[in-house]
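Colleague: Input: one structure, supplied below.
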Amino acid sequence: GLPGKQPEREVDSLCPYCGVGCQLTFQIEDNRILAVKGRDGPANHNRLCVKGRYGFDYVHSPERLTKPLIRREDAPKARALDVDPANPLTHFREASWEEALEVAATGLARIRDTHGPDALAGFGSAKGSNEEAYLFQKLVRTGFGTNNIDHCTRLCHASSVAALMEGIGSGAVTAPFYECANSDVIIIIGATPTVNHPVAATFIKNAAKRGAKLVVMDPRGQGLTRHAHLHLQFRGGTDVALLNGMIHTIIEEGLTDPAYIERFTEGFEELKARTTAFTPERMEGVCGIPAATIREVARLYAQAKAAMIFWGMGVSQHTHGTDNARCLIALALLTGQVGRPGTGLHPLRGQNNVQGASDAGLIPMFLPDYRPVGDAEIRDSFEAAWGRDIAPHAGLTVVEIMNAAHRGDISGMYIMGENPAMSDPDQSHVREALAKLDHLVVQEIFLTETAAFADVILPATAFPEKDGSFTNTNRQVQIGRKAIDAPGDARPDWWIIQEIANRLGLRWHYSHPREAYEEMRGLMPSIRGISWERLERAGSVTYPCDSADDPGQEVIFGDGFPTESGKARFVAADILPPDEMPDKDYPFVLTTGRVLEHWHTGAMTRRATVLDAIEPEPFCHLSPADLVAAGIEPGETIRVRTRRGAIALKARADTDMPSGTIFIPFCYAEAAANFLTNPALDPFGKIPELKFCAARVERTNLE
Ligand code: SF4
């Protein structure tokens, strides 16, 4: 709050950053947010992290887009990134909404009608509301006529969702993170909650303080290790070996829950046969963790009265990401650590609405509520509701869409609030693909690296400038409320999507997000019992929620799974190496991720003055020993090179780094880490291997 000062107005809303979904209050004067304070929401109990508390003044940045923009004819896309976001008029000219919408829609319609619907694609956003995600996928499916619709979940938990759908018939968490208050063992693997889900981390720390045994599995050191019973610093990319060692131990030592396996699962015998060879003694040689420790952790987890597993991008962003998640699911099913208080599988969701955007159908293979687009009966029901045909085949995913654009198979795109020119792997390739597009419409709050390639830029409202519902990592649907007016001519995303839709021949008449929400609720059994009016009243309701008097179900699957047989399925995973291993030319392992103060591609937090003041420039994190061996001083500018590109940035000594591994955050445009990363995909989730590639570190002051 504001010390000693009463704000003119206060508006209850949510934090716009991570999937924890903290509730907060904006304090406002003169249409400006002066401060933010935490509210007593279910996911935060008044707590906020540094992003939620100090990361809000991006909305008042002078760089906000306030007028629709159309590319100047003399501004070639090959030189798109020469544009200064503070002065876009060198490359674009201002236009009225009417003209910009007309140019945007006409270009999309022309491509649809001349090259066919699959020559178009849309990227929606995990930062928009549920209603915006729903309307955007409805537009792409019924207005464009294609299922080429995806968003950044593909770069995040697509592999986890593939494994969860296959194993337990549902892609969301089985219990909220605060359920760890009832756990006696907590495993954190491939996640850094103190950085990426800081308020969730406080609940995990509280559980450890109460006496729960915390096991952190992470090749890097991290904040939670200080609270951990054990830190398993395994070799990067060998998760499956470590987890198979645990699975083997649990089966071999008779630590399974046979009654649970019999009643609720299928495929146990095959799992057993496929993991017989994966003894901890053999796995030690692969993952670097002593066999005795693998056995100790397996026993700890299996014998716990209640245990939870949390995971993040360190598990999912691998070519074997789906296999990693399959192993975690197998651990929980073998031991019955799911469906009871204090148990569960919790993939920590990244963006504030990545859960909701996925639920709403912003993915190429599923209609809302994960109903397969290839199922004729399901398609029929949506076609009846929407009054349009839906293409029967699944669309392409994020990286596949960029590859298709590069080949020329996709020539028109509508990108709402996503920044592939920073977030996607192998940036040289991605930026070439964006430049090749015949028609690119970008809807944004800033002139991002992606917007720089646009033909038309449509200025959108930021989070505090509109109403909408958002679904956090706990499956809690919550209301974000309009707190201030948008600058200039910026308009809400839902309004812009509707204007495009109507120019593509659809007839939409939504006058408020509430109407889109109620339509969506009618098509999504998971939120059937959560009316907009109830959301406004309660502020937060957990799904699945069947009826108006259903309180919402937090810990789920205590009595079977939403699969055809009602049983969960074990799926064994073989041990495969990452796509690109270090070698003599590229001896380091490069891993990428976030830092506490910055959010994803930095579009918001780099313009939040307090946050950018704390972490103002890019660093490459190396172990002190590696720095000494390479003769590099901390703070020295180095060049990091992979087979796909090179960037220059400063070196930082970091005792959390294991020798041979380097870490670069991907939020800095001036040294974009994704020039370096490997676009190789997990075959099931189609997620790229952002957590592992071979790299070389070069000194620059020798030149
Ligand atoms: Fe916002 Fe996440 Fe921090 Fe909560 S933990 S304040 S939701 S960034």
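Colleague: Over the stretch 394-494, calculate the relative contact order: mean separation of alpha carbon pairs under 8 Å at least 6 apart, over the residue count, as a percent.
Modeller: 20 percent
Colleague: Give me, ordered by chain and number, the residues 5 or more places off Ala680 or on other chains with an amide H under 5 Å from its own placed amide H.
Modeller: Glu689
Colleague: Output the peptides 513-520, 244-251, 202-209 sorted from most to least packed, where packing is the average of other Cβ atoms within 10 Å over each peptide's residues.
Modeller: In descending order of packing, they fall as 244-251, 513-520, 202-209.
Colleague: Report the normalised scattering of the stretch 1-43 as log10 I(q)/I(0) at q = 0.17, 0.29 Å⁻¹, calculated by the Debye formula with identical scatterers on the alpha carbons.
Modeller: The computed values of log10 I(q)/I(0) come out as -0.46, -1.00.
Colleague: When we measure straight from the Cα of Lys77, which lysines land under 19 angstrom away, once same-chain ones fewer than 8 places off are left out?
Modeller: The qualifying lysines are Lys436.
Colleague: Is any helix in the chain, taking whole DSSP H runs, at least 24 angstrom long along its axis by alpha carbon and on average at least -1.0 on the Kyte-Doolittle scale, and which ones?
Modeller: For the chain, where a helix must reach 24 Å along its axis and average at least -1.0, the hits are 97-115.
Colleague: In terms of Cα to Cα distance under 17 Å, which aspartates and glutamates are near enough to Lys686, apart from those fewer than 8 places away along the same chain?
Modeller: Asp150, Glu166, Asp323, Glu400, Asp424, Asp426, Asp579, Glu580
Colleague: Between rounded, prolate and oblate, where does the stretch 589-701 land on the alpha carbon gyration tensor, with a ≥ b ≥ c its root eigenvalues, rounded for a/c under 1.5, else prolate if a/b exceeds b/c?
Modeller: Oblate, because a/c is 1.5 or more while a/b does not exceed b/c.
Colleague: Is the stretch 360-495 best put as rounded, prolate or oblate by its Cα gyration tensor, with a ≥ b ≥ c the root eigenvalues, rounded for a/c under 1.5, and otherwise prolate when a/b is larger than b/c, oblate when not? Walk me through the intermediate numbers first.
Modeller: Numbers: a/c = 1.82, a/b = 1.03, b/c = 1.76.
Oblate is the answer for the stretch 360-495, as a/c is 1.5 or above yet b/c matches or exceeds a/b.
Colleague: Right, another one. Which FRET efficiency value, to the nearest 0.05, is calculated for Asp585 and His45 with the Förster distance at 45 angstrom and r the Cβ-Cβ distance?
Modeller: Numbers: r = 51 Å, r/R0 = 1.13.
Once rounded, the FRET efficiency stands at 0.30.
Colleague: Return the lysines within reach of Lys305: Cα separation strictly under 21 angstrom, same-chain partners fewer than 8 residues apart disregarded; answer none if there are no such residues.
Modeller: Answer for Lys305, where 21 Å is the Cα cut-off: Lys205, Lys209, Lys213, listed by chain and number.
Colleague: Give, as a single signed number, the net charge of other residues whose beta carbon lies under 14 Å from the beta carbon of Lys650, with Lys and Arg counted +1 and Asp and Glu -1.
Modeller: Values: positive: Arg639, Arg652, Arg699; negative: Glu615, Glu617, Glu633, Glu636, Asp654, Glu670, Glu698.
Combined, the nearby Lys, Arg, Asp and Glu give -4.
Colleague: Nothing charged except the Cβ atoms of Lys and Arg (+1) and of Asp and Glu (-1): what's the magnitude of the dipole of the stretch 152-255 about its Cα centre? Round to the nearest 20 debye.
Modeller: Numbers: 8 positive and 7 negative charges, 103 e Å.
Value, rounded to 20: 500 debye.
Colleague: Based on the Kirkwood radius over alpha-carbon pairs, what value in µm²/s does the Stokes-Einstein equation return for the translational diffusion coefficient of the chain at 37 °C and 0.692 mPa s?
Modeller: On the way: Rh = 25.6 Å.
It diffuses with D of about 128 µm²/s by this estimate.
Colleague: Note the full-extension length gain between Glu98 and Arg72 as 0.36 nm times their separation in residues minus their Cα-Cα distance, in nm to one decimal.
Modeller: Gain in length upon complete extension: 7.6 nm.
Colleague: If DNA, RNA and ligands are ignored and the probe is 1.4 Å, what is the ranking of Met165, Met413 by accessible area, most exposed first?
Modeller: Met165, Met413
Colleague: Something else now. If you take the beta carbon distance between Thr114 and Gln303 as r and set R0 to 60 Å, what does 1/(1 + (r/R0)^6) give as a FRET efficiency, to the nearest 0.05?
Modeller: The formula returns an efficiency of 0.40 here.
Colleague: Right, next: What distance in nm lies between label points placed 7 Å from Cα along the C-beta direction at Arg210 and Arg263?
Modeller: Going from the Arg210 label point to the Arg263 one covers 2.5 nm.
Colleague: Now for a separate question. Once you measure Cβ to Cβ distances between cysteines in the chain, which Cys have no partner under 4.7 Å?
Modeller: Taking the Cβ cut-off of 4.7 Å, the unpaired cysteines of the chain are Cys18, Cys49, Cys152, Cys156, Cys180, Cys287, Cys327, Cys545, Cys620, Cys667, Cys693.
Colleague: Then there's this: Rank these by accessible area, largest first, 1.4 Å probe: Arg491, Arg154. Mind dumping the intermediate values first?
Modeller: Values: Arg491 80, Arg154 15 Å².
Putting Arg491, Arg154 in descending order of accessible area: Arg491, Arg154.
Colleague: So, one more: If the chain between Glu281 and Glu515 were fully stretched, how many nm would it gain, using 0.36 nm times the residue separation less the Cα-Cα distance? Can you show the working numbers first?
Modeller: On the way: separation 234, 0.36 × 234 = 84.24 nm, distance 5.88 nm.
In short, 78.4 nm is gained.
Colleague: A further question follows. I need the semi-axes of the equivalent ellipsoid of the stretch 454-544: take the C-alpha gyration tensor, multiply each eigenvalue by 5, square-root it, list largest first in whole angstrom.
Modeller: Taking √(5λ) for each eigenvalue gives 25, 17, 11 Å, largest first.
Colleague: Per residue, how much accessible area does the stretch 170-210 have with a 1.4 Å probe, in Å²?
Modeller: 25 Å²
Colleague: What ranking do 123-131, 375-383, 144-152 get when scored by the average of other Cβ atoms within 10 Å per residue, highest first?
Modeller: 123-131, 144-152, 375-383
Colleague: Putting +1 on Lys and Arg Cβ atoms and -1 on Asp and Glu Cβ atoms, find which of Ala452, Ile261, Val442 reaches farthest to the positive end of the dipole of the chain.
Modeller: Value computed over the given set: Ile261.
Colleague: Continuing with this model, one more query. Using per-residue counts of other Cβ atoms within 10 Å, averaged over each peptide, order 631-641, 534-544 from highest down.
Modeller: Ranking the peptides 631-641, 534-544 by packing returns 534-544, 631-641.
Colleague: Okay, moving on. Assuming R0 = 51 Å, can you tell me the calculated FRET efficiency for the pair Glu533 and Glu636, based on Cβ-Cβ distance, to the nearest 0.05? Could the numbers behind the result be given before it?
Modeller: Details: r = 59 Å, r/R0 = 1.16.
That pair, Glu533 with Glu636, gives E of 0.30.
Colleague: Leaving ligands, DNA and RNA out of it, rank Lys650, Lys691 by accessible area with a 1.4 Å probe, largest first.
Modeller: Ranking Lys650, Lys691 by accessible area, largest first, yields Lys650, Lys691.
Colleague: Further question: Would you please classify the overall shape of the stretch 526-592 from the alpha carbon gyration tensor, given that a ≥ b ≥ c denote the square roots of the eigenvalues, rounded means a/c under 1.5, and beyond that prolate means a/b larger than b/c while oblate covers the rest?
Modeller: Here the stretch 526-592 falls in the oblate category.
Colleague: If the only charges are +1 at each Lys and Arg Cβ and -1 at each Asp and Glu Cβ, what is the size of the charge dipole of the stretch 6-76 around the Cα centre, to the nearest 20 debye?
Modeller: That gives the stretch 6-76 a dipole magnitude of about 200 debye.
Colleague: OK, next. Just to confirm my numbers, what's the Cα centroid distance between the stretch 38-101 and the stretch 256-287 in Å?
Modeller: The stretch 38-101 and the stretch 256-287 have Cα centres spaced 50 Å from each other.
The values are calculated or read from the model by the stated rules, or taken from the named source; none is laboratory data. All figures in this text were calculated on a predicted structure; none of them were measured in a lab. Every residue, glycine among them, receives a Cβ derived from its backbone with ideal geometry; neighbour counts consider all protein chains shown. In case anyone asks, the SASA skips ligands and DNA or RNA and just uses the protein heavy atoms, side chains included. Shrake-Rupley method; radii C 1.70, N 1.55, O 1.52, S 1.80 Å.
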